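Every number here is computed from the coordinates shown, using simple stated rules; none is lab data. Bear in mind the structure is a predicted one, so any value in this text is a computation, not a measurement. Ideal geometry is used to build each Cβ from the backbone, glycine not excepted, and the neighbour counts take in all protein chains shown.
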Amino acid sequence: MKKLGIAISLLFTMQLLHAQEKLNIDTNKSTIKWIGELTFNFGGHDGYINFKEGFFIKENKVITGGEFIIDMNSITNTDIKEKALKVNLVDHLKNEDFFDVKNHPTAKLKIKNVEYFNDEIYDGRIFADLTIKDITKPIQFFVNFNYKKQELQARFKIDRKEWGINYQSKFKNSFISDAIGFDTFIKLQ
């Protein structure tokens, strides 16, 4: 009887493991665009940050979880044309008053739950924990899955001050918004 119980437990565990699939992302084809805006003026800055690695968890034909590591050293700027100014901004973003990349070289997003809105299973909302500068906070955002093309797109904003990104501009009426926007595209391998 004891052997039968062990065999049933083993079979059940194997079925659970088989039902779950890990889907790695293609870090060369996946992008994170960041957008920082001014509060009282039009304008701001934007650029990209690279994924270091990442994966989704798929169960019963839908995404149910995942984890993504972001390489904070890869941050770039795309809106400034003059090289010296571009380098200055990127160095400033890597500095202690922004992302403190020397002490916090990666950020992490861990999907906790996914809510789907229709039978097509293309649109949904992700509930996740975002870790920046060793500070973890829950976030949620809308997402569009394209299972046929094996792609995901999402746009969201965070309040940078909740993650200890506290820089204040010294220029009058050119304050940096507390919101940082992210426009994310993920392609599976």
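If the chain between GLU53 and PHE142 were fully stretched, how many nm would it gain, using 0.36 nm times the residue separation less the Cα-Cα distance?
Difference between extended and current length: 29.9 nm.
Going through the cross-link list LYS52/LYS81; LYS94/LYS161; LYS52/LYS110; LYS52/LYS83, which pairs have a Cα-Cα distance over 19 Å in this structure?
LYS52/LYS81; LYS52/LYS83
Which FRET efficiency value, to the nearest 0.05, do you get for LYS81 and ALA179 by plugging their Cβ-Cβ distance into 1/(1 + (r/R0)^6) with R0 = 22 Å?
0.35
If the cut-off is 17 Å between C-alpha atoms, which aspartates and glutamates fall inside it for LYS108, apart from same-chain ones fewer than 8 positions away?
Excluding near neighbours in sequence, the set is ASP26, GLU53, GLU67, ASP71, ASP100, ASP129, ASP134, ASP159, GLU162, ASP183.
Between ASP123 and LEU38, what's the calculated FRET efficiency when r is the beta-carbon distance and R0 is 30 Å? Round to 0.05.
That gives a FRET efficiency of 0.45.
In terms of modelled amide H atoms, which long-range or inter-chain residues lie less than 5 Å from the amide H of THR106?
Hits under the 5 Å cutoff: MET72.
Please enumerate, by chain and number, the lysines with C-alpha under 23 Å from the C-alpha of LYS148, excluding those fewer than 8 residues away in the same chain.
Straight-line reach from LYS148, under 23 Å: LYS22, LYS29, LYS58, LYS61, LYS187.
Averaging over every viewing direction, what projected area does the convex hull of the Cα atoms of segment 42-174 cover, in nm²?
Taking a quarter of the hull surface, the average projection is 9.9 nm².
Short version: ³J(HN,Hα) in whole Hz for each residue of segment 91-96, in order, from phi by Karplus 6.51 cos²θ - 1.76 cosθ + 1.60 (θ = phi - 60°), x for Gly and Pro, what are they?
Ordered by residue, 3J(HN,Hα) equals 4, 5, 5, 7, 6, 4 Hz.
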